[in-house]
Amino acid sequence: MGDAMTEESRTQIAAFLLRVFEQSSSDEESQRLNASLALISQGQRRNFFIAFAGSARFYVNGPLSLSEDDLKLGEQLLPGLKPELWDRLQLARILMLVSLPAGDKSAFLQTLQMLFDTSDLGEQTAMYAAFPLLPWPFSLQLMAAEGIRTSMTDVFAAIALHNPYPFESLDENTWNQMVLKTLFMGLPLYKVVGIDARHSLELATMLSDYAHERWAAGRVVSPELWRIFGHYASQFETDIVQLASSTDPLERAAAALVAESGKLSLTVASHSDAPLSPEKKGSEAWDDLGKLWEEKQAFTAQSSVFDTTEK
Amino acid sequence: MKFIDPHIHMSSRTTDDYQRMAAAGIVAVIEPAFWMGQPRTEVGTFKDYYSSLVGWERFRASQFGIKHYCTIGLNSKEANNVPLAEKVMEILPLFAMKEGVVAIGEIGYDDQTEAEDRFYREQLELAKQVNLPVMVHTPHRDKKRGTIKSMDVAEEHGLAPHMVVIDHNNEETVKDVLDRGFWAAFTIYPHTKMGNERMCEVVRQYGPERIIVDSSADWGISDPLSVPKTAALMIEKGIPEEHIRLVTYQNALDAYGQSGQFDEKAWADNPGIDQRELFEGNSILRGQKAQVDLKGSNLIVE
């Protein structure tokens, strides 16, 4: 369980990310970053801390813009990640992390731990986004678990969403907790990388129990919760039947998807307001459903800015 | 109108306060590093506290649409544990350069001991090194002499007065502070510090230049709405609106903006409160749950 990524691919990725950063940097920024990366790769921890900690002062923050070609290359080199959603500061920090020498395992892990212990909101977010690119992924599990345990939504989102690390490297219990917590936090499940490929009866049970809790409390349940139930439809048929009779078209759509892939003989009342296009199946359909749900939540949130009722 | 509270200890406040503050038009806060009511005994607790200022508390504020900034420093009370203070000085640079850290502070004198003096001076040097403004806590006991000493020592170490905010002023200290070119912040805190009716008179007498209003709300009986209440009171008392804007928003922005880490673009999408939307003195922004009563005797903090 050593370094999952080859040195060569890490170098390729670093080159790509650096190019993306430099597309929007001043000469001064570019020079400074390149100098920092060179120093960092030589291994002196102090230089890394100085460069990393000072990032907010040295680099102007703002959105990144990637060309169509860059996006395609990004998908190839960084499957599951969405660098176009990072900001410049985050990218600079990720580059620094990726430049840390991967030779001495204990030195590397110690550096990361020291960084983690004093990291601010933005730094922690960048660290977790960088996890899939770092060496010794299985040694980062405890730190990843902290990111999942957090109450800070931004930090949780950094490890859980658009990030292949959990799918590739987390143990089953932590993965299950992460999926459940994504729903707890009202975050979009369709953005969890590998959500369709990594599932278990245990997870389905936890999710079903959670749905029952919400129903008993008269609270809303995200229709995304049922995404993996196609594999366990017969064990949770009662739930799906209840779902199918919901007044919410997205819940009915979810029931229909589960019934189809789970081969349940269930009639879901189809209304004229069926929200999903019928040609879409499987992951694509669930992604669309997730997006529709996300839009609906955002709309609700807008109209009650300070409403802190649970999602 | 938008308000900044440039001195408030949000770690001690509940989400009820955040809700009310947001409803009252506060768009940004600065939380100075301070003590937690009783002395810390390990450098680790300082480290974790600083982490919370740039991590958890920053996040907590964001949930209410408020931008949270902080100052980093070793406060005057805990400077008196010299072996511990020395360890804290070592970790300050780890945090001082982080995003959203707008000053070294709140530092200065409490009892005016030798230890306090030593670490005040060391942190003035740090402030120069990292090119940050300084937030000075003036003592509550023997305040007049302590304030003058704070300014003397700052000048001795070559700090430019425009980079130093002298906080917790009152009628006895204000003239010297303003005359010497420092920023003069006032803490509207019931019973023990400044009251806002008195604050109105100070602004009337000295004008708004370099005057800043804050709440320093903390674990004690204090008011996280001091700044908007003071603004509303000033309107009632006929202080010009531009003067109010300066003392409850712009001056704080200018003073701490010198850090390069404090810019109103960060809260550009927060509308603050619209005076025209005040209904019978109540601020009830559309869709909001919290209500604050900005009218009449509710405004007075004394």
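The values are calculated or read from the model by the stated rules, or taken from the named source; none is laboratory data. Computed from a prediction, not measured in an experiment: that's the story for all the values here. Counting neighbours? That spans all protein chains shown, and the Cβs are built from the backbone with ideal geometry, glycine included. The area values use the complete protein model at the heavy-atom level, side chains included, leaving out ligands, DNA and RNA. Shrake-Rupley method; radii C 1.70, N 1.55, O 1.52, S 1.80 Å.
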**Where only alpha carbons of segment B:165-263 are counted, the Rg and the Dmax (Å)** = 12.7, 35
**Complete:** Eigenvalues of the alpha-carbon gyration tensor of segment B:4-54, times 5 and square-rooted, give semi-axes in Å, largest first, of 25, 11, 9
**Fill in**
Computed over the Cα atoms of segment B:55-138, the Rg and Dmax in Å are 13.5, 42
**Request:** Evaluate the relative contact order of segment A:3-117 (contact order divided by residue number), counting alpha-carbon pairs under 8 angstrom at least 6 apart; express in whole percent.
**Result:** 35
**Asked** Which value, in Å to one decimal place, does the Kirkwood hydrodynamic radius take for segment A:120-229 when every pair of different Cα atoms is included?
**Response** 14.3
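Average partner chain C-beta neighbours within 10 Å, per residue of A:51-57?
So the per-residue partner count for this stretch is 4.
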**Request:** Have a look at A:G103, A:G74, A:G290 and tell me which one the Gaussian network model of chain A (Cα, springs below 10 Å) gives the largest fluctuation.
**Result:** A:G103
**Prompt:** Can you work out the base-10 log of I(q)/I(0) for chain B at q = 0.07, 0.09, 0.11 1/Å, using the Debye formula on its C-alpha atoms alone?
**Reply:** -0.24, -0.39, -0.60
**Asked** Across bins of 20 angstrom width beginning at 0, how are the C-alpha pair distances of the protein assembly as shown distributed, in whole percent?
**Response** 18, 45, 31, 6, 0
**Prompt:** Taking the Cα atoms of segment A:1-109, what is the range of coordinates along each of the three principal axes, in descending order and whole Å?
**Reply:** 38, 34, 17
**Item:** Heavy-atom accessible area per residue - chain A, 1.4 Å, Å²
**Value:** 47
**Request:** Enumerate the amide H contacts of B:V164 below 5 Å, restricted to partners 5 or more residues apart or on another chain; note that Pro and chain-start residues carry no placed amide H.
**Result:** B:V134, B:W183
**Prompt:** In Å, the Kirkwood hydrodynamic radius of segment B:31-173 over pairs of distinct alpha carbons?
**Reply:** 15.3
**Asked** Toward the positive end of the charge dipole of segment A:157-221, about the Cα centre and with charges on Cβ (Lys, Arg +1; Asp, Glu -1), which of A:L180, A:N163, A:G218 goes farthest?
**Response** A:G218
**Threshold 50 Å² - residues in segment B:83-122 whose accessible area is reduced by that much or more when the chain is no longer isolated, probe 1.4 Å** = B:M97, B:K98, B:E99
**Complete:** accessible surface per residue for segment B:18-139, probe 1.4 Å, DNA/RNA/ligands not counted, whole Å² -> 32
**Request:** Report the semi-axes of the equivalent ellipsoid for segment A:94-151 in whole Å, largest first, where each axis is √(5λ) for an eigenvalue λ of the Cα gyration tensor.
**Result:** 17, 12, 11
**Asked** Taking Rh as the Kirkwood radius computed over C-alpha pairs, what is the Stokes-Einstein D of chain A at 20 °C in a medium of viscosity 1.002 mPa s, expressed in µm² per second?
**Response** 101
**Prompt:** Got a sec? Charge dipole of chain A, +1 on Cβ for Lys and Arg, -1 for Asp and Glu; which of A:P275, A:G147, A:F21 is way out at the positive end?
**Reply:** A:G147
**Estimated translational D of segment A:165-223 in µm²/s (Stokes, Kirkwood radius over Cα pairs; 25 °C; 0.890 mPa s)** = 204
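Taking K and R as +1 and D and E as -1, what net charge do the other residues with C-beta under 10 Å from the C-beta of B:L84 add up to?
Local charge sum for B:L84: -1.
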**Percentage, to the nearest whole number, of Cα pairs in segment B:102-214 over 21 Å apart** = 32
**Request:** Using every pair of alpha-carbon atoms in segment A:202-244, split the distances into 5 Å bins beginning at 0 and state the percent of pairs per bin, rounded to integers.
**Result:** 5, 23, 39, 25, 7, 1
**Request:** Could you run the numbers on buried accessible area between B and A, total for both chains, 1.4 angstrom probe, in Å² to the nearest 100?
**Result:** 2000
**Asked** How long are the three semi-axes of the equivalent ellipsoid of segment A:205-280, in whole Å, if each is the root of 5 times an eigenvalue of the C-alpha gyration tensor, listed from largest down?
**Response** 19, 15, 10
**Item:** Protein accessible area in the protein assembly as shown, 1.4 Å probe - carbon and sulfur %
**Value:** 51
**Message:** Which residues, if any, in segment B:50-64 lose at least 10 square angstrom of accessible heavy-atom surface (probe 1.4 Å) when the other protein chains sit next to their chain rather than the chain being alone?
**Reply:** B:S51, B:V54, B:G55, B:W56, B:R58, B:F59, B:Q63, B:F64
**Asked** Using unit Cβ charges (K, R positive; D, E negative) and no other charged atoms, how large, in debye to the nearest 20, is the dipole of segment A:12-74 about its Cα centre?
**Response** 420
**Request:** Which order do the peptides B:72-84, A:119-131 take when ranked by the mean count of other beta-carbon atoms within 10 Å per residue, highest first?
**Result:** A:119-131, B:72-84
**Asked** Can you give the Rg to Rh ratio for segment B:161-208, taking only C-alpha atoms and Rh from Kirkwood?
**Response** 0.95
